Amino acid sequence: MTRTTRSRTTAAALGLALAAGLTGASTTPSAALGVPPSYQATDGAGDVKITRKDGLSDRQRRSIDLGSVQIVQDDANREIDVAVQLRRVTGSTRFDQVVTVVYGSDTVGGAVRFSPSPGERRSGAAGRFGEDGDDKLCRGLVTRVSDGDVVSTSVPYRCVPDVPVSVDTLAATEPDRGGRFWSRDLLRSEGTYQLRPVAG
């Protein structure tokens, strides 16, 4: 199954649209699942793109430099765990660090968007759309922060496509969660990945 411009564009639009109406809830981390990841990739250091030079220090803008991305199935809880390593998780309230993972194929797509910034850790959201019109939205996803500046969240299966998809990860510094960036780092996947079991 090949990636298409349509699926990436639509999924990216959904990822940005999720920024508009995020709410909060609480979950418990899925620790040490003991299963191989559905998707795993690493990104080279120092490739952050600076998009605005005002407002933040260079150190703040480069804090979202991507290290690794891993997605693991948690079948017991019917969700996937998405973990992303950043260069440094900050405690600043002057800006938001935001992670968006976009997944898509020729026929289905979606995204998860979450933030480790203070006040934003209960504001994650995910969505799935398909040609059958059976779209799903999951709000109130909780961002967890662990040692090594790894940020993670859990996404219910209903908001994840059950077919092989491409995976693109975007980390950014943002002033207002409106899709404007001070800096960004993008990691695109090669090939497609089965992020969750096929729905029965």
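If I stretch the segment between GLU190 and THR93 completely, what's the gain in nm (0.36 nm per residue apart, minus their alpha carbon distance), one decimal?
Values: separation 97, 0.36 × 97 = 34.92 nm, distance 3.51 nm.
Here the segment from GLU190 to THR93 would lengthen by 31.4 nm.
Using each residue's phi in the stretch 75-89, evaluate 6.51 cos²θ - 1.76 cosθ + 1.60 at θ = phi - 60° and report the 3J(HN,Hα) Karplus result to the nearest Hz, with x for Gly and Pro.
Result, ordered by residue: 5, 4, 9, 6, 7, 10, 9, 10, 10, 10, 8, 9, 5, 7, 8 Hz.
Would you mind getting me the FRET efficiency between ARG52 and ASN77? Use the beta-carbon distance for r and R0 = 41 Å, nearest 0.05. Mind dumping the intermediate values first?
Details: r = 39 Å, r/R0 = 0.95.
That pair, ARG52 with ASN77, gives E of 0.55.
Out of residues 5 or more away from TYR39 or on other chains, whose amide H comes under 5 Å of its own, with H placed 1.01 Å from N in the peptide plane?
Amide H neighbours of TYR39: ILE71.
Would you mind computing, in nm to one decimal, how far apart the modelled labels at ASP106 and ASP134 are, each placed 7 Å from Cα along Cα→Cβ?
Distance between label points: 2.0 nm.
Coordinate-derived values only; no laboratory data. All of these numbers come straight from a predicted model, not from anything done at the bench. Cβ coordinates were reconstructed from backbone atoms using ideal geometry, including for glycine residues, and neighbour counts include every protein chain displayed.
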